[in-house]
1. Somewhere in the stretch 183-196, is a residue in contact with a strand residue (DSSP E or B) (Cβ under 9 Å, 6 or more places away or on another chain), surrounded by fewer than 16 Cβ atoms within 10 Å (Cβ to Cβ) and either in contact (Cβ under 8 Å) with a residue 24 or more places away in the chain or under 30 Å from GLY122 (Cβ atoms) (or both)?
2. Quick check: is even one residue across the stretch 100-111 under 23 Å from ASP137 (Cα atoms) and touching a residue at least 40 places away in the same chain (Cβ under 8 Å)?
3. Take the residues of the stretch 59-92 that are of a type in the set (A, V, I, L, M) and out of contact with any strand residue (DSSP E or B) (no Cβ under 6 Å at 6 or more places or on another chain): which is farthest from TYR238 (Cα to Cα)?
4. So which of PHE168, PHE139 is of a type in the set (Phe, Trp, Tyr), over 19 Å from the mean Cα position of the chain (by Cα), within 20 Å of ASN112 (Cβ to Cβ) and outside any loop (DSSP other than H, G, I, E, B)?
5. If GLY230 passes every condition in (1) free of Cβ contacts under 8 Å to residues at least 60 places away in the same chain; (2) under 15 Å from the mean Cα position of the chain (by Cα); (3) surrounded by 16 or more Cβ atoms within 10 Å (Cβ to Cβ); (4) assigned to a helix (DSSP H, G or I) but one, which one does it miss?
6. Out of (1) assigned to a helix (DSSP H, G or I); (2) out of contact with any Lys or Arg (no Cβ under 7 Å at 6 or more places or on another chain); (3) buried (at least 18 other Cβ atoms within 10 Å of the Cβ), what's the single condition that is false for MET129?
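Just so it is clear, none of the values below were taken in a lab; they were calculated from the coordinates. Quick caveat: nothing in here was measured; it's all calculated off a predicted structure. Counting neighbours? That spans all protein chains shown, and the Cβs are built from the backbone with ideal geometry, glycine included.
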Amino acid sequence: MTCGDSRRRGFTLIELLSSMVVGSLILLAAGTFLASTGEGYERVGGGVATEREARALLTQLAADLSTARFHKDGVFETSAKSWPTDRLGFLCLQPAQAQTEAKRIGDLCAVNYHIDDINIGGKTVRCLMRGFRESADTFTALENNAVAGLFAPQTATDEPVAFGVVSFEARPKSRDAAGMWIDWAKNDLQGPQALDVRLVIARRELAGRLKQADDWDDAANRLGPPSEAGRNPNLEVYATRLRFGNHESP
């Protein structure tokens, strides 16, 4: 007959409870780490998507402006809002593949950029829109002295080129006699030589909370001065100078 080893015993209730507490703390820490990692990934992913979209827009705008032709009825409308929503409209040359056969009779077309609220999935999203009028419409407007109408927003045909836009500035510039950049004067019929463009976009977290047009207006009022936009973690800012027409690169 063998006697059992008296030193062998199971875990006590206190030891089991202590182990469970330690395990719970480890799981809680791991869950917190994974959540913060997920939020960080979402912020980075949203920032990458926003940057890609903004660069595509600036590439399109630069291409439009590079072949621009000044016309006295072109639009260089500066917004008076604290977070500006400028309007831009000009004639420019467009390749055949940018037009439809039905409305292509040449390469001179009309382009305009403006801010508008559009409904996407039941939510209002503030977008920068690009309006495009093909050469047939453009030449008809020129013949009838109705060029200004080419730059009027048209909800049915204008397309969004940037989403979640808080502010869009397009300020025309020219050089003075000393070669310094100054604001372009509207009575200068040579047209501007460049445009200073500044685009402010709401990052995904902020844009996701804005459901109606009033929400976008209220958010703009709470974002502080536009000069501080670059320091706001909810915003992405893109600024550049683009040449207008066949002027030398700015």
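1. yes
2. First, pick out the residues of the stretch 100-111 that are under 23 Å from ASP137 (Cα atoms): 100-111.
Remaining after also requiring touching a residue at least 40 places away in the same chain (Cβ under 8 Å): 110-111.
Scanning the stretch 100-111, I find at least one residue that is under 23 Å from ASP137 (Cα atoms) and touching a residue at least 40 places away in the same chain (Cβ under 8 Å), so the answer is yes.
3. ALA80
4. Details: PHE168 fails: over 19 Å from the mean Cα position of the chain (by Cα).
Checking each option against the conditions leaves just PHE139.
5. (3)
6. Against the list (1) assigned to a helix (DSSP H, G or I); (2) out of contact with any Lys or Arg (no Cβ under 7 Å at 6 or more places or on another chain); (3) buried (at least 18 other Cβ atoms within 10 Å of the Cβ), MET129 comes up short only on (1).
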